[in-house]
């Protein structure tokens, strides 16, 4: 198989701000879009992002890199459930 290019690369990260600081320092990344919280069902989260059921997207941040395609980071968090009494 021959690859002719890429549109973007996505990473699921546990600490968004830490990942952002690293990419800014190491690669000169510049944020070009930020989404905030996105609601998606468990099937989507498991199938597309490989995270456990009950997780939600807290934020997605897209970057421009001078030497690479646009990259994005997903920050997910487990949904809080009501406790039984």
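None of the figures in this text is laboratory data; all of them are computed from the coordinates on show. Everything quoted here is computed from the prediction, not taken from an experiment. Every residue, glycine among them, receives a Cβ derived from its backbone with ideal geometry; neighbour counts consider all protein chains shown.
Once the Cβ-Cβ distance between residue 41 and residue 6 is put in as r, and R0 is 25 Å, what FRET efficiency do you end up with, to the nearest 0.05? Mind dumping the intermediate values first?
Details: r = 27 Å, r/R0 = 1.10.
Using R0 = 25 Å, I get an efficiency of 0.35.
Students often check this: by mean Cβ neighbours within 10 Å, which of 34-41, 3-10, 56-63, 45-52 ranks highest, and how do the rest follow?
56-63, 45-52, 34-41, 3-10
Figure the gain on full extension for residue 21 and residue 49 (residue separation times 0.36 nm, minus the Cα-Cα span) and round it to one decimal in nm.
Working: separation 28, 0.36 × 28 = 10.08 nm, distance 2.23 nm.
Extra length available between residue 21 and residue 49 comes to 7.8 nm.
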